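Report on one structure; see the data block that follows.
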Amino acid sequence: MKTEDCVPSHLSVSAEDYRHAISRLPTGVTVVTTIGPVGCTANAVMSLSVDPPSVLLSLTTASQTLAHIRSEGRFAVNVLSWADRRLVAQFATGTPAERFAGVPWHRVSGVPVLTQASVTVVCTVRETVSLLDHTLIAGTAEWTQVNDTPATVLYGNEQYAVGP
């Protein structure tokens, strides 16, 4: 059987089928924060470059956090520690005040960072690009912190601890 024999003549994937399939891609769980304080849960985050040190993240174009990032020009990517995995839900819903309620945080150059994050990278916005219903944000790293705590990884509908 040839490979092309396995490909349907028309390609169409429902949003539900896509979510199910892509949930099998293990991903770090982060909270993106910016001056306000404002923040949201995000898992579309990746290293972009080491020269200069940069990250790339994707937020829905309707995101309040995105609006603040564009306005302030700075943000932090906080990789959630296993101990703080409950913050996934907290930063996905509610008002900014509700999202930060009871969460230890401090500012680094004005940007709120989660004190107990496994990893934090504070960035300056280098470029934004609108694509479909999301906006890609490339940020140049200004400050990093790594704690010796297990990070949270999402796979399927479950969270797992990885690291020390």
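The values are calculated or read from the model by the stated rules, or taken from the named source; none is laboratory data. Note that the structure is predicted; figures quoted are calculated from it, not measured. As a convention, Cβ positions derive from the backbone with ideal geometry for all residues, glycine included, and neighbour counts pool all protein chains shown. Note: accessible area is taken over every heavy atom of the protein model, side chains too, but ligands, DNA and RNA are not part of it. Shrake-Rupley method; radii C 1.70, N 1.55, O 1.52, S 1.80 Å.
Details
- Within the range 108-130, the set of residues being touching a residue at least 40 places away in the same chain (Cβ under 8 Å), in a strand (DSSP E or B) and more than 15 Å from residue 30 (Cβ to Cβ) comprises 124, 125, 126, 128, 130.
- Hits in the range 144-164 (condition: over 23 Å from residue 22 (Cβ atoms) and open to solvent by 70 Å² or more (accessible area, probe 1.4 Å)): 144, 146, 148, 164
- Of the residues making up the range 76-107, those that are open to solvent by less than 30 Å² (accessible area, probe 1.4 Å) and in a loop (DSSP other than H, G, I, E, B) number 3.
- Members of the range 131-150 found to be touching a helix residue (DSSP H, G or I) at 6+ places or on another chain (Cβ under 7 Å) and part of a strand (DSSP E or B), listed by number: 135, 137
- Restricting attention to the range 41-57, the residues that are closer than 20 Å to residue 95 by Cα and either acidic (Asp, Glu) or surrounded by 21 or more Cβ atoms within 10 Å (Cβ to Cβ) (or both) total 1.
- Within the range 48-75, tally of residues that are part of a helix (DSSP H, G or I) and among the hydroxyl-bearing types (Ser, Thr, Tyr): 2
- Residue in the range 16-24 that is closer than 21 Å to residue 159 by Cα and either assigned to a loop (DSSP other than H, G, I, E, B) or modelled with pLDDT of 95 or more (or both) present: yes
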